[in-house]
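S.K.: One structure, as structure tokens, below. Some questions next.
No value in this document is a laboratory result; all are computed from the given coordinates. Remember, it's a predicted structure, so these values are computed and weren't measured experimentally. So basically every Cβ, Gly included, is an ideal-geometry build from the backbone, and we count neighbours across all protein chains shown.
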Amino acid sequence: VMTSGCIVAVAGAAAGGAGVVAYAEGKLTVNFGNRYEDVVHAADQAIAQLQFLKVGESKDALKALLEARTADDKKVTIEVDRVSDTLTKVEIRIGTFGDKTVSTAIYERIKGNL
């Protein structure tokens, strides 16, 4: 059942790849079958590749929060959570209300960097 503002897309799930990608309430969420450290590095690379201005980063062994700004000054938040040794959850939000196009571009870069 789809509700207003909820769009779900399915990506191929494979070992070492991405599982279901969901975009709901302005946030893109995906689980990667990759190590936490590798996903954090891939997300950091995605920020640089998209030429966003990185404005903050906080990280420990279980969670990382990367913050950046787009050229039109929208806030980019990438939250990376270690679920297990080989499963990592990523949430991407652009601005207050979200931007599916920019979120998807970031996701594609992260996926490509893994």
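S.K.: Residue by residue through the stretch 91-105, which ³J(HN,Hα) values in whole Hz follow from phi under the Karplus form 6.51 cos²θ - 1.76 cosθ + 1.60 (θ = phi - 60°), with glycine and proline marked x?
M.R.: 10, 10, 10, 10, x, 7, 9, x, 8, 4, 5, 5, 4, 5, 4
S.K.: Please list, in order, the residues from the stretch 25-54 whose amide nitrogen is less than 19 Å from a point placed 7 Å along the Cα→Cβ vector of Thr70.
M.R.: 25-30, 43-54
S.K.: Something else about it: Report the full-extension gain for the segment Ala48 to Ala24: residue separation times 0.36 nm, less the Cα-Cα distance, to one decimal in nm.
M.R.: 6.1 nm
S.K.: Let me ask something else. Using a Förster distance of 22 Å, how high is the FRET efficiency between Val83 and Ala61, based on the Cβ-Cβ distance and rounded to 0.05?
M.R.: That pair, Val83 with Ala61, gives E of 0.95.
S.K.: Right, something else. With runs of 4+ DSSP H residues as the only contributors, calculate the mean residue ellipticity of the chain at 222 nm using -39,500 (n - 2.57) per run, divided by the residue total and rounded to the nearest 500.
M.R.: -8000 deg cm²/dmol
S.K.: Report, in cubic angstrom per residue, the convex hull volume of the C-alpha atoms of the chain. Mind showing how you got there, number by number?
M.R.: Numbers: hull volume 10.7 nm³, N = 114.
So the per-residue hull volume is 94 Å³.
S.K.: On a straight-distance basis, which lysines could pair with Lys59 in a cross-link, Cα separation under 21 angstrom, same-chain partners fewer than 8 positions away excluded?
M.R.: Counting by Cα, and skipping residues close in sequence, Lys59 has these lysines nearby: Lys27, Lys75, Lys89, Lys111.
S.K.: In whole Hz and in residue order, list the ³J(HN,Hα) couplings for the stretch 32-47 that follow from phi through the Karplus curve 6.51 cos²θ - 1.76 cosθ + 1.60, θ = phi - 60°; x for Gly and Pro.
M.R.: These are the phi-based 3J(HN,Hα) values: 9, x, 9, 5, 3, 4, 5, 5, 4, 4, 5, 5, 4, 5, 4, 4 Hz.
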